[in-house]
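Some notes on the structure that comes next.
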Amino acid sequence: METKRYTKESIDQAAEQLKNGEVVAFPTETVYGLGACAENEAAVKKVYLAKGRPSDNPLIVHIAKPEDILSYTDDFSLVTKTLMDTFWPGPLTIILPLKNQRLSKTVTGGLDTCAFRMPDKALTLQLLEKTGPLVGPSANTSGKPSPTTFDHVYHDLAGKVTGILDGGECQVGVESTVIDLSNEEEIVILRPGKIGVEELQQVVDVPVVYDQTILGEKGIPKAPGMKYRHYSPTTPVVMVEKKDFAQAIKHYGKEKVALLASDDVIAQFPNEKAFSLGNTLQEAAQRLFAGLRTCDEWGVETILAEAFPIEEESAGIQRAYMNRLEKAAGGNQFLA
Ligand code: TXA
Ligand code: MG
C-alpha cells in the first residue's frame, strides 16, 4: 500500500478514506494519532495491526466538540463539564462510564469505560467534523517513541496505513494527561501530561492525585498502556542529571555516546554528538521523542539523556517529561 500525504488542501480526501474504513494518521497538539472511525470495528482492528499494539490496550476516542460524548455516555456531571469547559480543546483525556455498546470491545479493551479527548489542533477538529469520532493511539510502532512530525509517522508506518495528514510539528510533544473520574472521592491522574495536578485542582473541589502505583485492584493496570515498555529507541538510554554529564561521558566513553540535553550542557561538550533539548522544560518535552529517534540513528552505544528530578511542586510538563524518559531508559539512571 502506498501511504499518501494529505494536507489542509486535501483534507476532504483524508476524511473520505476514513469514512470508507481506512486508517489515516492525524496531527494533534501532543503527538500524531493513528485515526480510524471509532464505530467501525474493522477499521479499528486495522489500527492495532498497523501499530502492532496488544489488543487489551484501549484507545482514546477523539471528538470535534464536547457534546459528541453524549452519544456514548450519560456522564455530563458538573465536574466533567467543568473540566471539559476549562481544558478542551486541549491535552486532557477524560475516562468516563459508557451507557451503550456503540463502541466495540476493540476500542475499549472490554472495559465499561472509554477515554475521550478533544484535541487542540484546528486542522484535526475540521477533520473530526467531517468524519465523526476517531480512535487515535499515538501513530508509532508499538513500543517506539511517539511521533511528533509527519516524518516520524512515515518512518514507522509507511506502507501500513492509507495516509498521513501533515500538520507540521506537534507543540506539546508528550501525550495528553489521562484522568479517571470513575471514583467520586478523587480524580486520579493515570498518565501525567502537560496539565498537572495544580491546573486541575484550580477548577474542581475533589482532590486530584497522581496515581502512584498505576496498578488497579488485583494488579490490573488502570491505564492498560502503562504496563508496556514504551518510548524506547533501540540504543540504550541512561538518565543523567545536569551536574553529572562530565562523569557520565567519561564512564560510557566519549566516542560511544550521544547527548540529549539542554543547551547549557551541550555547550560544555562541543565535541560530542548532541541533540538539543532547548532551554526550558516545555522545549525539552516538545523535543524528547524527536531527540530519542534522532540519537538512535547515529549508531552510538548509549544515549545520555538529561533528567530533571521531580520535586513536590514540579509542574505537569516536567512530570510528563520524566515519566516518558524513565520508560525510555527502563529506569536506568547514572549515579555519580
Ligand atoms: O495525546 C494523546 O493522548 C495521544 C494523541 C494522539 O491524542 N494519544 C495517545 O493514545 O497517547 P495512546 O493509545 O497511545 O494512549 C492512551 C492511553 C493508554 O495508556 C491506554 O491504556 C489509556 O490511555 N486508556 C485508554 N482508554 C482507557 C480506559 N477506558 N481506561 C483506562 N485507561 C485507558
Ligand atoms: Mg502510545
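Observations, loosely collected:
- Build a GNM of the chain with springs between Cα atoms under 10 Å apart, and of Asp244, Asp120, Asp156 the one that fluctuates most is Asp244.
- Trypsin sites (Lys or Arg not before Pro) restricted to DSSP loop in segment 273-336 with at most 15 other C-beta within 10 Å: none
- When the listed pairs Lys51/Lys327; Lys19/Lys51; Lys144/Lys243; Lys65/Lys130 are checked against a 22 Å cut-off, the alpha-carbon distance exceeds it for Lys144/Lys243.
- Average projected area [Cα convex hull, the chain], square nanometres: 16.6 nm²
- Here the simple spin-label model places points 7 Å from the Cα toward Cβ, and for Thr234 and Ala122 these points are separated by 4.1 nm.
- GluC sites (Glu not before Pro) lying in DSSP loop within segment 237-336, provided at most 10 other Cβ fall within 10 Å: Glu311, Glu312, Glu313
- Calculated on the alpha-carbon coordinates, the convex hull of segment 1-57 measures out at 101 cubic angstrom per residue.
- Relative to the longest principal axis of the Cα atoms of the chain, the long axis of helix 122-131 lies at roughly 40 degrees.
- Angle between the chain longest axis and helix 41-51 axis [Cα atoms, degrees, rounded to 10]: 10 degrees
- With Cα atoms, 0 to 90° folded angle of helix 78-87 axis to the chain main axis: 50 degrees
- Per residue, the average separation of C-alpha pairs within less than 8 Å and at least 6 apart gives segment 1-133 a relative contact order of 31 percent.
- Based on Cα contacts under 8 Å between residues 6+ apart, the chain shows a relative contact order of 20 percent.
- Highest mean packing comes first when the peptides 80-92, 7-19, 130-142 are listed by Cβ atoms within 10 Å, giving 130-142, 80-92, 7-19.
- Under-5 Å amide H pairs with Phe275, H placed in peptide plane, nonlocal only: Leu259, Leu260, Ala261
- Inter-part distance where segment 232-257 and segment 53-116 are each reduced to a Cα centre, Å: 40 Å
- Seen from Glu301, the other residues with C-beta closer than 15 Å to its C-beta sum to a net charge of 0, counting Lys and Arg as +1 and Asp and Glu as -1.
- Computed E for Glu185/Arg102 - FRET, C-beta separation, R0 25 angstrom, nearest 0.05: 0.30
- Note on the chain: with a GNM built from Cα contacts shorter than 10 Å, the maximum mean-square fluctuation among Ser314, Ser146, Ser176 falls on Ser314.
None of the figures in this text is laboratory data; all of them are computed from the coordinates on show. Just so we're clear, the structure is a prediction, and the values are computed from it rather than from any experiment. Using ideal geometry, Cβ is built from the backbone for each residue, glycine included, and neighbour counts are taken over all protein chains shown.
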